[in-house]
Amino acid sequence: MSDSNKLVRGTFLLTIATVITKVLGMLYLIPFYSIMGGEENLALYGYAYTPYTIMLSIAAAGVPGAVSKYVAKYNALGAYATSRKLYRSSLIVMLSSGFIAFIALYFAAPFIAELQMLAAGDGDHRWSTEDITRIIRIVGVAVIIVPFMATWRGIFQGFESFGPTSVSSVIEQILRIAFLLGGSFIVIYMLGGTVQTANEIAVFAAFIGGLGSMATLWYFWRKRKPHIQKMIDTDTTDYDFSYKEMYSEIVRYGIPFIIVGISIPLTMFIDQLTHNNGLAMGGVPESYHDAWFGMLNLTTHKLVMIPTAFASAFAITILPFITKNFHKGKLDDVHHQIKMMVLMLLFFAVPAALGMMILSAPLYTSFYSYNEMGIKILLFYAPVSVIISLFSVTCSIVQGIDKQNLTLYVVLIMLAIKAAINIPLIIQFQTVGAVMGTGIALTIGVLINFYIIKKYGKFQFRSLVRPLAEIGLYSLVMLLVVEIIYYAFILNLEIEQKLNSVIVLAVAVPVGGLVYLFISFRTGLADEILGARADKIRKKLKVL
C-alpha cells in the first residue's frame, strides 16, 4: 500500500474513531446533565478535569508522540531492533512516570484547589476547597495508567498501524461513559447520595476506561507481534544506541509534544483563573459565575470538540509519514501530505463549525436546556473550533519537519497573549470574552506555524488558495440552505422546547451535509482532497 493510501486510510480510521468518541462524549452529557441537575453542579467536574489533563500531559512527557516519531524514523532506516529497544523501555518508564505524577497530583491537589477558589473571588460558592481537593485526587488515579496506554498507542502508530488506537479509544470511551452514567445514577437516585459523590464517581470513570483500552491494545499486540518480529529479523543495520543516547533523542522530541499537548488545557486553565474575577470586575452577579464557567469549560466545550475531532486524527496520522519522508529527503511527498492534511481538515471542519454556529440554539437546547448565555457562548465558540484544529495539525507538521524546538516559542507566545487579553475581554464581553481570547491567541499561533512550515518545509501555500476558496464557497451555500430550513421551523415551532430543537437538528443537519457533499463531489473538490476514496464513496452513494 502506498504512503498516500496508508495516510488516507489511517486518517479515516482515526477520524471515524475520534468522531465516535467525541459524539459519545457529547451525547452522554444529555443524561448526565439531567442526573446532576444543571451547569452549576457540573462545575465541580470541570474543576477536576483541567488540572488532571495538564498533569497527564506532564506525566506522559510527550513520550507517546515522540515514540511514534522515533519508531517511524528508525523503521524508515530499517533499524527495527533499535525501535524495539526504545519502545520496550519506554513502556516501563511511562508506568513509573504515571505513578510519580499521581503522587504529585495527590499532594498538590489542596494547593490547586485553593488557587481555583482564590480565582473564583470572594463570596459564597457552591463548592469548597475540600470538595475540589478530593475530586482532583480521585481523577488523578487515572494518571497512573493513561501515559502507559498512550505510549502503547504511539508504538502502533510508529509502525503505521492505526487500527489499535482507533478501536481502543472507542472501547475506552464506551466503558468510561457506562461507568460514569451508571455510577452517578445509582449514587443519586438509588442510594440517595450527594451530587459531590456522583461527580467523584464520574471522574473515576477515566481510570475504568483506561483499563479497558489497555486490554484492547494487549489483544492487538498479540496479533501483530509475529509481523513485527519478522520486521526485526530483517534488520541488517549496525545501529547500537545506548539508552542514554535514545532517551536524549526522545527528550528532544518529547518536550515539544508536552508543550503542544498542554497548550489547549492551559488556555482553559487561564480561563479558570480569570473567568470569575473578570465577571466580577465587569459587574456580573456572583450567582452566575459558576454556571457560566460550567458552560464555558464543559457544556459548550464538549460540543465544540466535535469538529476538532478531525484535527486529533489528522495530527496523529500525519506525523509518522512526514517524519519518514522528511528524513528520506522526499520533500515533494512531504508537501503533498501537508496539502492533503490541511485541505482534508478544513473540508470537514469548516462546514461543521458554520453549521454549529447557525444551529447553536437548537443544538444547545437539544443536549442541555434552553439557555441564552449557553447559546451565545456556543455561537462564538463554534468558529474557534477551526482555529483549534489548525493549531493542532500545524504543530504536528512543524514537529514532522524537525522544527519541534520552535513549537515551544509558538505555544509560549500564544499563552502569553491569551493571559494578557483574557480579563479585559471578559470584562467587556463577559464569558464570550474568554472564547474571543482563545480564538485570537490561537490564530496568532497558527500564523506563526504557517510561517515556520513555509520557511523550513519549503511549502508553497499558493497551492491551497483555490481549493480553500471552494471549501469556503460551498460551506456558505450549505449555510444558506440550513438557515432557510431553520427559520422555516422557528416560524412554526418554539425552539425553547427540547423536542422541537431535536426535530430541527434531525432535518437541518443531514440536509445541509448532503448539500455540501453533493456540490463537493459534483465539482471535483472531493476528488482532489479525498483521492481514490472519493470514487468509492461515489459508487456507494450513486446520487453523488
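Here are the numbers:
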read-out: Single condition Phe326 does not satisfy, out of (1) within 28 Å of Tyr28 (Cβ to Cβ); (2) part of a helix (DSSP H, G or I); (3) open to solvent by 10 Å² or more (accessible area, probe 1.4 Å); value: (1)
read-out: 2 or more residues open to solvent by 10 Å² or more (accessible area, probe 1.4 Å) and over 24 Å from Asp271 (Cβ atoms): qualifying helices (runs of 4 or more DSSP H) within the stretch 118-226; value: 146-158, 163-185
read-out: Considering residues of the stretch 350-381 that are assigned to a helix (DSSP H, G or I) and hydroxyl-bearing (Ser, Thr, Tyr) only, the residue modelled with the lowest pLDDT; value: Ser366
read-out: Test: residue in the stretch 424-436 that is within 21 Å of the chain's Cα centre (by Cα) and of a type in the set (Gly, Ala, Ser); value: yes
read-out: Extreme residue, nearest to Gly261 (Cα to Cα), among residues of the stretch 403-414 that are open to solvent by 30 Å² or more (accessible area, probe 1.4 Å) and not in a loop (DSSP other than H, G, I, E, B); value: Leu408
read-out: Failed item in (1) buried (at least 24 other Cβ atoms within 10 Å of the Cβ); (2) more than 30 Å from Ile322 (Cβ to Cβ), with Gly400 passing the rest; value: (2)
read-out: Set Ile426, Ile452, Ile495: member being in contact with a Phe, Trp or Tyr (Cβ under 8 Å, 6 or more places away or on another chain) and either open to solvent by less than 30 Å² (accessible area, probe 1.4 Å) or not in a helix (DSSP H, G or I) (or both); value: Ile495
read-out: Candidates Ala43, Ala72 - the one that is in contact with a Pro (Cβ under 7 Å, 6 or more places away or on another chain) and either in a helix (DSSP H, G or I) or modelled with pLDDT of 70 or more (or both); value: Ala72
read-out: Verdict on Leu447 being at pLDDT 85 or above, more than 30 Å from Ala419 (Cβ to Cβ) and open to solvent by 70 Å² or more (accessible area, probe 1.4 Å); value: no
read-out: Inter-residue pairs, beta-carbon under 7 Å, first farther than 24 Å from Val477 by Cβ and in the stretch 488-511, second open to solvent by 70 Å² or more (accessible area, probe 1.4 Å) and not in a helix (DSSP H, G or I), 6+ apart; value: Glu496/Tyr370; Asn500/Glu494
read-out: Residue pairs meeting the criteria (Cβ under 9 Å; at least 6 apart or on separate chains; first closer than 14 Å to Gly445 by Cβ, in the stretch 395-408; second outside any helix (DSSP H, G or I)); value: Ile397/Phe459
read-out: Sole residue being modelled with pLDDT of 90 or more and assigned to a helix (DSSP H, G or I), chosen from Val342, Val384; value: Val384
read-out: Residues of the stretch 368-395 that turn out to be over 17 Å from Leu303 (Cα atoms) and open to solvent by 10 Å² or more (accessible area, probe 1.4 Å), as a count; value: 2
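The values are calculated or read from the model by the stated rules, or taken from the named source; none is laboratory data. Quantities reported herein were computed from a predicted structural model and do not represent experimental measurements. So basically every Cβ, Gly included, is an ideal-geometry build from the backbone, and we count neighbours across all protein chains shown. All accessible areas refer to the heavy atoms of the entire protein, side chains included, with ligands and DNA or RNA removed. Shrake-Rupley method; radii C 1.70, N 1.55, O 1.52, S 1.80 Å.
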